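Structure first, commentary second.
The values are calculated or read from the model by the stated rules, or taken from the named source; none is laboratory data. Just so it is clear, the structure is predicted and the values come from calculations on it, not from any experiment. Cβ atoms come from the backbone with ideal geometry, glycine included; neighbour counts cover every protein chain shown. The protein model used for the area step is the full one, side chains on, heavy atoms only, and it has no ligands, DNA or RNA in it. Shrake-Rupley method; radii C 1.70, N 1.55, O 1.52, S 1.80 Å.
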Amino acid sequence: MKIIIANDHAAVSIKKKLQIWLDKRGDTVVDLGVGTDTKADYPDKAIEATNLFLKGGYDYGILCCGTGIGVSITANKVRGIRCALPQNSYAAAMAIEHNNCQFIAFGGRIDYQEPPEDILDAFLSARYLGTERHQRRIDKITTAESIPFSLT
Ligand code: RB5
């Protein structure tokens, strides 16, 4: 698979862990950084990664920040992108089977109850079910991307 990975300063270590695991599998990983703990703004990394993904040619993207929350919020604001922040392997598989997500987020400061590599494995091994009801729900998300902002 061809996979984009990007992270901020709070997630260098988890990014490297996931990258090593992907390298061992033989995936092609495009690492957008950062590679050090020099401060990086997570929205910049999420926007860079999702925009590159939308140019085409990639299977999935992985985003990491301290909690995974900031990068997932940002990615989900980019039209067409669905980014999961799964708690475990089950949720990671569902993110593909039901939600057809292209991105998965991880938190470098999160104490996961199972190895993050296993969560990523569940995500990459799953296949979108593509049934009418799941597609209908995803289509509703796509429609929501065009709803004008309103406080009422
Ligand atoms: C950086 O300190 C931290 O806020 C960021 O990595 C992320 O956790 C935000 O959601």
Worksheet item: In the range 113-133, which residues are under 20 Å from VAL29 (Cβ atoms), surrounded by 12 or more Cβ atoms within 10 Å (Cβ to Cβ) and under 16 Å from the mean Cα position of the chain (by Cα)?
Response: PRO116, GLU117, ASP118, ILE119, LEU120, ASP121, ALA122, PHE123, LEU124, ALA126
Worksheet item: Which members of the range 43-70 meet the condition of being within 16 Å of the ligand (Cβ to nearest atom) and out of contact with any Gly (no Cβ under 8 Å at 6 or more places or on another chain)?
Response: ASP44, ILE47, GLU48, ILE62, LEU63, GLY70
Discussion item. Just to verify a result, which residue in the range 76-94, among those that are in contact with a strand residue (DSSP E or B) (Cβ under 9 Å, 6 or more places away or on another chain) and open to solvent by 60 Å² or more (accessible area, probe 1.4 Å), is nearest to the ligand (Cβ to nearest atom)?
Written reply: LEU85
Worksheet item: Can you pull out the residues in the range 26-70 that are under 18 Å from PRO116 (Cβ atoms), of a type in the set (Ser, Thr, Tyr) and open to solvent by less than 70 Å² (accessible area, probe 1.4 Å)?
Response: TYR60, THR67
Discussion item. So LYS24 passes all but one of these: (1) out of contact with any Asp or Glu (no Cβ under 7 Å at 6 or more places or on another chain); (2) within 16 Å of the ligand (Cβ to nearest atom). Which condition number does it fail?
Written reply: (2)
Response to the item:
Of the candidates ILE73, ILE141, the one satisfying the condition of being within 16 Å of the ligand (Cβ to nearest atom), assigned to a helix (DSSP H, G or I) and open to solvent by 40 Å² or more (accessible area, probe 1.4 Å) is ILE73
Discussion item. Every residue in the range 95-116 that is more than 15 Å from the ligand (Cβ to nearest atom) and either part of a loop (DSSP other than H, G, I, E, B) or free of Cβ contacts under 8 Å to residues at least 24 places away in the same chain (or both), please.
Written reply: HIS98, ASN99, ASN100, CYS101, GLN102, GLN113, GLU114, PRO115
